[in-house]
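K.L.:
Quick one: structure below, then a few questions.
The values are calculated or read from the model by the stated rules, or taken from the named source; none is laboratory data. A quick note: this is a predicted structure, and the numbers were derived from the prediction, not measured. Reconstructed Cβ throughout: ideal geometry from the backbone, glycine too, with neighbour counts over all protein chains shown. Each accessible area value is taken on the protein alone, full model and side chains, heavy atoms only, with ligands, DNA and RNA left out. Shrake-Rupley method; radii C 1.70, N 1.55, O 1.52, S 1.80 Å.
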Amino acid sequence: FRLFAPRAQWVKVGVFASLESTKTPELIEWHPLRRLGDGAWELTVPADLHGHYYWYRLDGPRGRFSGFDPEFN
């Protein structure tokens, strides 16, 4: 996984096998990404995730125009 988010303070990716897992949050496996020097974040998962679903969560500076919303899931 790789995401460009230079202003982010942290980034994690949630991986799940089926869309039904979103109704059962404990079935979602969350993995933190590590920050690279160029504003990108990266994670290698040593598994075959073909057919799985994922979404990112990230946080960063607060402010009216920051684009980071801690209430958004």
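K.L.:
Do you know which residues across segment 31-67 are aromatic (Phe, Trp, Tyr) and without any contact (Cβ under 8 Å) to a residue 12 or more places away in the chain?
P.N.:
The first filter runs over segment 31-67 and keeps only residues aromatic (Phe, Trp, Tyr), leaving 41, 53-56, 65.
Listed by number, the list holds a single entry, Phe65.
K.L.:
Please count how many residues of segment 7-35 are open to solvent by 50 Å² or more (accessible area, probe 1.4 Å), in a strand (DSSP E or B) and within 18 Å of His52 (Cβ to Cβ).
P.N.:
Going residue by residue through segment 7-35, those that are open to solvent by 50 Å² or more (accessible area, probe 1.4 Å) are 7, 9-10, 12, 17, 19-20, 22-23, 25-27, 29-30, 32, 34-35.
Next, from what is left, pick out any that are in a strand (DSSP E or B): 10, 12, 29-30, 32, 34-35.
Filter again for within 18 Å of His52 (Cβ to Cβ), leaving 12, 29-30, 32.
So the answer is 4.
K.L.:
Checking Leu3 against (1) assigned to a strand (DSSP E or B); (2) open to solvent by 50 Å² or more (accessible area, probe 1.4 Å): exactly one of these is not met. Which one?
P.N.:
Checking Leu3 against (1) assigned to a strand (DSSP E or B); (2) open to solvent by 50 Å² or more (accessible area, probe 1.4 Å), the one that fails is (2).
K.L.:
Being part of a strand (DSSP E or B) and open to solvent by 70 Å² or more (accessible area, probe 1.4 Å) is the filter here, so list the residues in segment 36-56 that pass it. Outline the logic, then answer.
P.N.:
In the first step, residues of segment 36-56 are kept if they are part of a strand (DSSP E or B); the result is 40-42, 53-56.
Selection gives Tyr53, Tyr54, Trp55.
K.L.:
Of the numbered conditions (1) under 16 Å from Trp10 (Cβ atoms); (2) of a type in the set (Phe, Trp, Tyr); (3) open to solvent by 50 Å² or more (accessible area, probe 1.4 Å); (4) at pLDDT 90 or above, Phe72 satisfies every one except a single condition; which is it?
P.N.:
Unmet for Phe72, out of (1) under 16 Å from Trp10 (Cβ atoms); (2) of a type in the set (Phe, Trp, Tyr); (3) open to solvent by 50 Å² or more (accessible area, probe 1.4 Å); (4) at pLDDT 90 or above: (4).
K.L.:
Return yes or no: is Asp69 part of a loop (DSSP other than H, G, I, E, B) and either in contact with a Phe, Trp or Tyr (Cβ under 9 Å, 6 or more places away or on another chain) or at positive phi (or both)?
P.N.:
Working: part of a loop (DSSP other than H, G, I, E, B): yes; either in contact with a Phe, Trp or Tyr (Cβ under 9 Å, 6 or more places away or on another chain) or at positive phi (or both): no.
The answer is no for Asp69.
K.L.:
Determine which single condition Arg64 fails, assuming it passes every other condition in (1) part of a loop (DSSP other than H, G, I, E, B); (2) within 15 Å of the chain's Cα centre (by Cα).
P.N.:
The number of the failed condition is (2).
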